[in-house]
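Peer 1: Below is the structure I would like to discuss, written out as structure tokens.
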Amino acid sequence: MKSRVLAMLFLCFALFIVVPLSASAATSVQVTGQGQLTVTANFTGASYAEVYVSNQNGQAVYNKIFTSVGGNGTINASIPNLPYGTYKIIIGGQAISVSNLQYGFQ
């Protein structure tokens, strides 16, 4: 019985060693308006940042990946001609840190 428990513990430990655990992060905000939506930000700690914008019905209106150089990147997104509504902006990536986030309608 003891050997079985030890074998199971060893298999569980080996599983955690072999399968890498990854951490992802996301920043999410909402904005209401119409016209051209601009999103700017800096990000660190990831090779890319994905910017996803959806309307109040959950439909995607924008989805783009911004890459970084040496773990530092900049987001400059512009989505024109949006009708009046509430939009959800999600910036995500693996182990990402977002700073200087600015967004709004023009």
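The values are calculated or read from the model by the stated rules, or taken from the named source; none is laboratory data. None of the values given here were measured: they were computed from a predicted structure. Quick reminder, even Gly has a Cβ in these numbers, built from the backbone with ideal geometry, and neighbours come from all protein chains shown. For accessibility, only protein heavy atoms count, side chains too; no ligands or nucleic acids. Shrake-Rupley method; radii C 1.70, N 1.55, O 1.52, S 1.80 Å.
Peer 1: L82's amide H: which non-local residues (gap 5+, or another chain) put their own amide H closer than 5 Å, with H modeled 1.01 Å from N in plane and none for Pro or chain starts?
Peer 2: Those lying under 5 Å, H to H, from L82 are G35, Q36, L37.
Peer 1: Among Y52, Y87, what's the order by accessible area (1.4 angstrom probe), most exposed first? Working shown, then result.
Peer 2: Numbers: Y52 70, Y87 10 Å².
Final ranking, largest accessible area leading: Y52, Y87.
Peer 1: So how exposed is F105, as accessible area in Å² (1.4 Å probe, rounded to 10)?
Peer 2: We get 50 Å² for F105.
Peer 1: Could you give the length gained on full extension between S78 and Q106, defined as 0.36 nm per residue of separation minus the Cα-Cα distance, in nm? Can you show the working numbers first?
Peer 2: Details: separation 28, 0.36 × 28 = 10.08 nm, distance 1.01 nm.
Fully extending the segment from S78 to Q106 adds 9.1 nm.
Peer 1: Still on this structure, I have one more. Through the Karplus equation 6.51 cos²θ - 1.76 cosθ + 1.60, θ set to phi - 60°, convert the phi angles of the range 58-70 into ³J(HN,Hα) values in whole Hz; use x for Gly and Pro.
Peer 2: Once rounded to whole Hz, the list reads x, 7, 5, 10, 7, 7, 8, 9, 10, 9, 10, 10, x.
Peer 1: While we're on this one: Taking a point 7 angstrom from the Cα of T44 along the C-beta vector, which residues in the range 66-103 have backbone N less than 20 Å away?
Peer 2: So the set is 66-76, 91-102.
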